[in-house]
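Below: the structure, in C-alpha cells.
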Amino acid sequence: MHYVGVDLAWGERNPTGLAVLDADARLLHVSTVRTDAEIGEALETFTAEECLVGIDAPIVVTNATGSRPAEQALSKDFRRFEAGTHPSNTGKPEFAEGRTRARRVCRLLGLDPDPRSGRARRAIEVYPHAASVVLFDLERTLKYKAKPGRDLDLLRRELLTLMGHVETIVAVDAAWQALRRQVEAATRKSQLRVVEDQVDAVVCAYVAWFADHRPEQTATYGDLATGYIVTPALPTSSGAVPAPRRTDDPVARAVQAYADDQPALVEAGRAWVELVTEVLDEAGINYLTVTGRTKSVTSFAEKATRLDEAGQPLYPDPLRDITDVLGVRVVTYVHSDVTAVADLLAAQADVLDDRDMGQATASEGRFGYASRHLLLGAPDELREARPELHGRDAQVQLRTVLQHAWAEFEHEARYKGRVPAEHARDLDRRFTLAAGLLELADQEFSAIRERLRSRPDAGTDPGEQDAPGEGLPRPEPEDPRLDPRELAAYLAGQFHDAGWSRSDHYAWIAGLLLEVGITSLDELGGVLRDPRLTGLNEAMGYRFPPGAVRRLDDALLGAYRDGYVGLQGNVHRRDLLAARLAQMDEARADRPAD
C-alpha cells in the first residue's frame, strides 16, 4: 500500500510537489514536477496497485460563487488557527464549468475520488494547513508561505519548524535531508518555494496515511456531490475522537520540544561555525575545512529512544543528556594543528569536555578511530556578542585529513555497506591495518612540515620558493595587486619559521597591501624592515606557529596602526584588530629597553 501526496498547483506552469509513503510512514519519494504528464510519469509505479492519494486542490467544485459548503464548515472550525480555506467556485477560470485539475489528475491515474469508496486505488482532497494544526498541536498555522511583509528569515524559520514536526511522524530519507540543507542555506525566497511544495506534499501523503489508519480520528467536511475535504479531526469537530498527542511520554515530549526549537538550533549551529572559522582565520591557522551540522529531528528521536544493556533509557533527559545536537568539524593537515586549534578554541570558549579519542584507542593497544572531541559552551562575553549561542553548547571534532578519511570511509562501510557477518572480523582487521598505516603517514607529514619550517636558509628569491604559492590563481594582467603566488613565495623566505597559511588568504592580504599603497615586493620589503617590527612575533607570545599571512598581517598592523584598522577591507574585523593592536602596545611596553 502506498500513500501519495500531491501539492497540486492550479496550473502547469508552477511546480507541483509529490511525495510517497509506505505503510510504515517511511518516505519513499519526494520531488517536484509541473505538467500532468510529469505527474503521471513520476507516480506511475506507486499508483499502479493499492494506493490512497491525498491531493491538496479542489477535486469537486459545483457552486457558481462564494465558497463550497466543505470550505465554509472547515473554516468555521479552523479559522481561529488562521487555517481557513480560500474560496473555490466555478466563476474562477481554473474551476470553470466544474472542470478541476485535481479531477483530471484522478482520471489520469485511474483513481476513484469518492472519500467513502472502498476501492483499492482512490484519492481524497486534503488541506495541509488544517492537518498541521491537529497533527502538531499548533496554536496557529506556520507562516512559511511567501507573502508581503514576510522576510527570508521568517520564512526559513517557519519552514524549518514544519520540517521538524514532519520528522516526528514520518521516517525521512536522504532526499529529505538534502531539502533541509537547501532551506538552511537559502539566500532567496524562491529557493524556499522549491522545498515548500515538497514538504506540503509529504504532509498530504501523511494525511492519506492517517485517514486510512485512524478513520475514527479523521473528519470529512462536505460530500462528493458538492466537494469535500479530509483532515485529522479537531477534538470539537463532528464528534470525532481527538487525534492522539505525541506528548504523553517523556521521550515524545522531548522530541516535540526539539522539533519546536529546530530553527533556533540551526541559527546557533551556523553561529558556531562562523565563530570557529573566524577564530582560526584570525589566528592564521592553515586548515582544510570547517563544517557544521545541526542534528535532525529524526536523528534526535532515534538517539533519544536508545536503551542501555539493562533496558533503561540511555538518555533519561534527552534535551539535556544528548550533547552533540550542534556539531562543528575542523579538518587540519597535520596533528600539531589539531592541538593548536584546541588551544585557540579553549581561549575563546568554555571547554566543558575534552576527549582525545585517538589517545583512548592507543591506550588500549589498538589502532582505530582518532579524533579530538571538545564540548564548548559560550562564556558571558561571547553570548553578548552572539546571543544565539546562549545555552547552546557545541561538540567540535578536530581531525587531520587522514583521520577524517578513515572515519568517513569506516562509517560508510559499517553503517551503509551491510557487511555480512562472516566478513566482519576480516573487515575489522583491515580497518585496523589502515588506521595504523594512516597514523604512520600522519607522523611523516608532521615530520615533513617541521623539516620545511626549520630551514633557516629558505631562499628569499621568489623563483626558488614556488611551492608555497603553487596552485594559486594568476591575477588578471590589469590587476594592480601583488601576484599571490609571488607573495606566498616571498613570505616563505621572510618568515621561514611560520606555519602554512590557507591559499585563499594570500589573495586576501594582497588586497589589503593594495589599500595601503604597496604594489611591489620591494615596497613590501621596505615596510618589513621597519625597526619597530623587530621581535614583534616573539612579543605577541603565540602558543602556536602563526601562518605567514598572519605574520604579515601583524607587521602591517604594527607599521600602519589605526590606519590599517580603518581599511575598508578590514571593516568586518576592526574590533579584533583594535584589540590586537592594544596587545602589541602592551607587549612592547613590557619589553625591556635595549
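The values are calculated or read from the model by the stated rules, or taken from the named source; none is laboratory data. Fair warning: this is a prediction, and the values are worked out from it, not measured in the lab. Backbone-built Cβ (ideal geometry, glycine too); neighbour counts: all protein chains shown. Ligands, DNA and RNA are stripped out before the accessible areas are found, and what is left, the full protein with its side chains, is counted by its heavy atoms. Shrake-Rupley method; radii C 1.70, N 1.55, O 1.52, S 1.80 Å.
Observations
- For region 260-338, the fraction of C-alpha pairs more than 15 angstrom apart is 64%.
- Per-residue extension of 0.36 nm, minus the Cα-Cα distance of Leu440 and Leu314, leaves a gain of 41.7 nm for this segment.
- For region 57-134: accessible area per residue (Å², 1.4 Å): 46 Å²
- Against the chain, whose longest principal axis is taken from its Cα atoms, helix 401-416 shows a tilt of about 20°.
- Computing FRET efficiency as 1/(1 + (r/R0)^6) for Arg383 and Thr305, where r is the C-beta to C-beta distance and R0 is 30 Å, gives about 0.40.
- Here, P(r) means the percent of Cα pairs in each 10 Å bin from 0 to the largest distance; for region 284-403 it is 12, 36, 36, 15, 1.
- Computed from the alpha carbon atoms alone, the convex hull of region 72-164 holds 162 Å³ per residue.
- For region 529-559 and region 62-126, distance of Cα centres in Å: 72 Å
- In order along region 68-81, the phi-based Karplus estimate (6.51 cos²θ - 1.76 cosθ + 1.60, θ = phi - 60°) of 3J(HN,Hα) comes to 5, x, 5, 5, 5, 5, 5, 4, 4, 7, 10, 4, 5, 9 Hz; Gly and Pro are listed as x.
- Close amide-amide hydrogen proximity is noted between Val53 and Val4, Arg122, Ala123, Ile124, each under 5 Å apart and 5 or more residues distant or on a separate chain (H modeled in the peptide plane; Pro and chain starts excluded).
- Inter-label distance, Ala96 to Arg270: 4.4 nm, where each label sits 7 Å from its Cα along the C-beta direction.
- Cβ-derived FRET efficiency at R0 35 Å, Arg532 paired with Leu352, nearest 0.05: 0.25
- Between Thr90 and Asn63, Ala64, Thr65, the built amide H atoms are under 5 Å apart, and every one of these is 5 or more places off in sequence or on another chain.
- Using alpha-carbon coordinates, inclination of helix 152-166 to the longest axis of the chain, degrees: 60 degrees
- Volume per residue that the Cα convex hull of the chain spans, once the total is divided by residue count, Å³: 216 Å³
- Degrees between helix 548-560 axis and first principal axis of the chain (Cα, 0 to 90, nearest 10): 70 degrees
- Label-point separation, Gln568 to Ala587 (7 Å along Cα→Cβ), nm: 3.0 nm
- Note on the chain: dipole from Cβ charges, positive end direction compared against Ala342, Gly222, Leu18; the farthest Cα belongs to Gly222.
- Cα centroid of region 132-158 to Cα centroid of region 286-360, whole Å: 31 Å
- Relative contact order of region 1-47, defined on C-alpha pairs under 8 angstrom at six or more residues apart (%): 33 percent
- For His496, no residue whose modelled amide H falls within less than 5 Å of its own remains once neighbours fewer than 5 places apart on the same chain are excluded.
- Averaging the sequence gap over all C-alpha pairs within less than 8 Å and six or more residues apart, then dividing by the number of residues, gives the chain a relative contact order of 10 percent.
- Length gained on full extension, Asn14 to Gln177: 56.3 nm, using 0.36 nm per residue less the C-alpha separation.
- Given their separation in residues at 0.36 nm each and the Cα-Cα distance between them, Arg119 and Arg502 gain 131.4 nm when the chain is fully extended.
- Thr45 paired with Glu139, simple spin-label distance in nm, labels 7 Å along Cα-to-beta-carbon: 4.4 nm
- Placing unit charges on each Cβ (+1 for Lys and Arg, -1 for Asp and Glu) gives the chain a dipole about its Cα centre, and among Ile285, Gly118, Val53 the Cα reaching farthest toward its positive end belongs to Gly118.
- At an R0 of 60 angstrom, the distance between the Cβ atoms of Arg430 and Thr519 translates into a FRET efficiency of 0.60.
- Cross-link reach is defined here as a Cα-Cα straight distance under 30 Å, omitting same-chain residues fewer than 8 places apart; for Lys92 the lysines meeting it are Lys76, Lys143, Lys145, Lys147, Lys189.
- Protection proxy ranking of 507-513, 180-186 - average other beta-carbon atoms within 10 Å, highest first: 507-513, 180-186
- Only helices enter this figure: runs of n ≥ 4 DSSP H residues, each worth -39500 (n - 2.57), summed and divided by the residues of the chain, yield -15000 deg cm²/dmol at 222 nm to the nearest 500.
- Each residue of region 18-27 was assigned a 3J(HN,Hα) from its phi angle through the Karplus expression (A = 6.51, B = -1.76, C = 1.60, θ = phi - 60°), giving 10, 8, 9, 10, 9, 5, 9, 6, 9, 6 Hz with x at Gly and Pro.
- Only Lys, Arg (+1) and Asp, Glu (-1) charged, at Cβ; the chain dipole about Cα centre in debye: 1920 debye
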